[in-house]
């Protein structure tokens, strides 16, 4: 059996970027700017229609935030990112998630149920009685309203 040394690779490469400035730009900085541009992923990637007319939402929930908000779409997981004030203890965050989604979508809270991920941050939520287009329009309007609210303090 052959033994190998561990492979450590350190990337400290700088590239000149005459288009942007006369300074050199590091690769991680450029990658972060490219990743930030991809955040404008369409909302429909996280929505799915079922055969019986309901809508499935793929969510990434972040409990314990300062305020409840719809952050946007995570491009790597194709999930909506939602921040909640409630802590993830004894189902508090799950109940708060259903109540918050019902308020955002203006539908009764009984029409919203968690299908997958009761103990995980990655969840699938089922919304009864609404079409995918309606959910997409209401959530995208909410995301744009939050973005404008953050831009003007």
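What follows is calculated from the coordinates using simple rules that are stated; it is not laboratory data. Being a predicted model, the structure only gives us computed values, none of them experimental. Note: ideal-geometry Cβ built from the backbone for every residue, glycine included; neighbour counts use all protein chains shown.
Relative contact order of the range 55-143: what whole-number percent is it, with Cα pairs under 8 angstrom and at least 6 residues apart? For the range 55-143, the relative contact order is 31 percent.
The peptide list 43-53, 82-92, put in order of mean Cβ contacts within 10 Å with the highest first, becomes 82-92, 43-53. For residue 115 and residue 71, the difference between the fully extended length at 0.36 nm per residue and the C-alpha to C-alpha distance is 13.7 nm.
Would you mind classifying the range 73-117 by shape? Square roots of the alpha carbon gyration tensor eigenvalues, ordered a ≥ b ≥ c; an a/c under 1.5 is rounded, otherwise it is prolate if a/b is larger than b/c and oblate if not. Cα axes put the range 73-117 in the oblate bin. Full extension of the segment from residue 45 to residue 90, taken as 0.36 nm per residue of separation minus the current Cα-Cα distance, would add 13.2 nm.
Once the chain from residue 99 to residue 144 is taken as fully extended at 0.36 nm per residue, the excess over their C-alpha distance is 14.1 nm.
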